[in-house]
Every structure is written in C-alpha cells, then in structure tokens.
Amino acid sequence: MAVKKRFKVRVRAKVRNRLLRRGGAVAGVALGLLLASWVFSAGIKASRTFLDGRFFAFIPRSFEIDCPSQAAVASLRAVADKAGKSRLSAGRCAELEREIKRSHPGLASVKVSRNFITGKAAIKAVPEEIVSAVLAAGATSYLGVTGRLMSQRLSGTGSYPFSVELAGAPSRAPELAAFLSALNPLADLFYSRPRVFSCDGRSWECTLKLEDGTTVLWGEFEFTRLKVLRLNEVMRDASRKTGPPLHADLRSFREGKIFISAAK
C-alpha cells in the first residue's frame with residue numbers, strides 16, 4: 001500500500017517579512033484614522049466648552065434691542081439689563097427666548113444672539129400681525145395671521161372695519177384668520193357696511209350683520225370677493241321690492257344660489 005507523502009508549505013523569510021510589513025501598515029493606517037476621528041470630535045467638544053463653558057465667560061459689553069413694538073421694548077430692555085450682568089451662554093440665550101415668549105405672547109419670533117467679535121449681544125423680537133380683535137368667552141383676544149388667539153396685541157393700530165365674535169373659541173383658527181385677512185379690505189365694497197361677524201368655532205357657521213339690519217349667513221370661507229359683489233346685486237334688487245332688513249343665505253353659493261327672505 002502506497003503511503004502518501006505530506007508536503008509542508010514553507011514561506012520564505014523575505015516574503016513573510018513583506019507580508020508582515022503590509023499588514024502592519026494597514027493596521028497602522030486604520031489606527032491613525034480612528035485616532036484622528038477621536039481627536040477631531042474631542043476638538044469640537046473642547047471648542048464648544050471654550051466658548052460656552054467656564055473657560056470663556058461671555059459677558060456682553062452691551063445689549064441691543066431690535067423690536068418695532070414700543071409696548072414690548074421697555075420689558076425687553078429690563079430683560080437685557082438683567083442678563084447683561086452675568087455670563088451669557090448658548091443655553092442661557094435659549095432660556096431668555098422662552099422667558100420673553102411667555103411674557104409676550106403677541107410676539108411671532110424671538111432671537112437672542114451673541115457677537116464674539118464685537119462683544120455685543122442682541123434681542124430681536126418680531127410681533128405677529130393682528131388680523132382682528134375677537135370677542136371670545138366674554139374677553140377680548142387678538143387673532144394673528146397664523147391663526148393664534150392671543151391676549152396681547154403688539155402690532156397694528158387697533159382699528160378694524162367690523163367687530164368679530166367667536167363662540168366656542170379654539171386655541172387656533174388659521175382658516176378664520178385667512179378669511180378675515182381677505183374680507184377686511186373689502187368692507188367698503190358692501191352696499192351696507194358690515195357691523196358684526198359672528199362665528200361658531202365648533203361648526204364654523206358664520207353670520208354677518210350689516211348696518212341696514214340685514215343678516216347674512218356666510219357659508220364657507222371661499223369666493224369672498226365674488227360673494228360680496230353678488231350679494232350687492234341681489235340685495236339692491238330685493239331692497240326695491242321689500243326693503244331692509246332682509247335675510248340672505250350664501251351657504252349654497254358654490255352652486256350659484258343666494259336665497260333672500262324678509263327678516264323675522
């Protein structure tokens with residue numbers, strides 16, 4: 001029976017050394033990349049600590065106030081005077097922004113910033129534009145363009161073409177805000193000026209009362225200008241026959257229908 005010979009593979013020393021050198025180089029590159037990544041990450045954290053931590057206490061030389069509302073400037077100045085006496089970190093800036101928003105719900109945005117070159121800090125506050133004053137739950141609120149109902153008005157003159165009453169008031173009413181933004185400029189187009197716009201915040205059924213005593217069931221918040229113009233035409237014809245006050249129903253305006261009846 002023939003015995004199989006076993007052969008042992010031997011790697012020459014020169015080749016073995018070359019392989020070991022290559023493996024060591026690859027391992028060295030990988031270790032170097034890992035170390036560089038760690039150093040870079042540590043450097044970023046250290047720089048943040050340097051800017052916002054105890055190693056670099058940013059105490060502003062002065063505090064600038066940028067806000068068009070004079071009603072809020074005095075309060076913002078008081079906040080700035082107090083904050084300017086201590087270190088102003090990024091976290092402290094965020095705290096001040098939240099504090100200002102709580103004190104002034106009529107602001108749309110607040111930004112507290114620092115300038116490391118000039119050593120100055122600044123508060124930039126932008127009031128939310130008010131669409132209308134709203135009587136809700138027996139108190140006056142202010143409807144902003146975003147639909148927020150706010151207890152504070154920091155923009156506008158406070159003069160609106162007609163009063164607005166809102167029952168079952170939600171915390172936000174963006175559709176109503178968009179509608180009133182479109183309707184307010186059209187107040188002079190009505191054959192009889194609008195006096196009171198009443199709306200149910202749950203069903204959004206709305207009624208507009210005019211100076212001649214006419215009541216208009218408005219319907220959906222669409223075709224606003226067309227509704228005004230068409231209402232004028234129909235009411236002039238109806239007034240010649242019956243005379244005001246009348247009752248107008250625009251809830252089927254989408255189907256091209258306006259129903260007019262004598263006021264009850």
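No value in this document is a laboratory result; all are computed from the given coordinates. If you're wondering where the values come from, they're calculated on a predicted model, not measured in any experiment. Here the Cβ positions follow ideal geometry from the backbone for every residue, glycine too, while neighbour counts run over all protein chains shown.
A few notes on this one:
- Spin-label pair residue 175/residue 146, simplified geometry with 7 Å Cα→Cβ offset, distance in nm: 2.1 nm
- Number of Lys-Lys pairs in the range 62-127 with C-alpha atoms under 16 Å apart and a separation of 8 or more places or on different chains: 6.
- Each label was represented as a point 7 Å from its Cα along the Cα-to-Cβ direction; for residue 113 and residue 259 these points are 5.7 nm apart.
- With each label modelled as a point 7 angstrom along the Cα→C-beta vector, the residue 165-residue 66 pair spans 4.4 nm.
- Local charge for residue 75 was computed over the other residues whose Cβ lies under 15 Å away, with Lys and Arg +1 and Asp and Glu -1, and equals +3.
- Using a Förster distance of 41 Å, the FRET efficiency for residue 229-residue 139 (Cβ separation, nearest 0.05): 0.70
- Neighbour net charge for residue 260 - beta-carbon separation under 14 angstrom, K R +1, D E -1: +4
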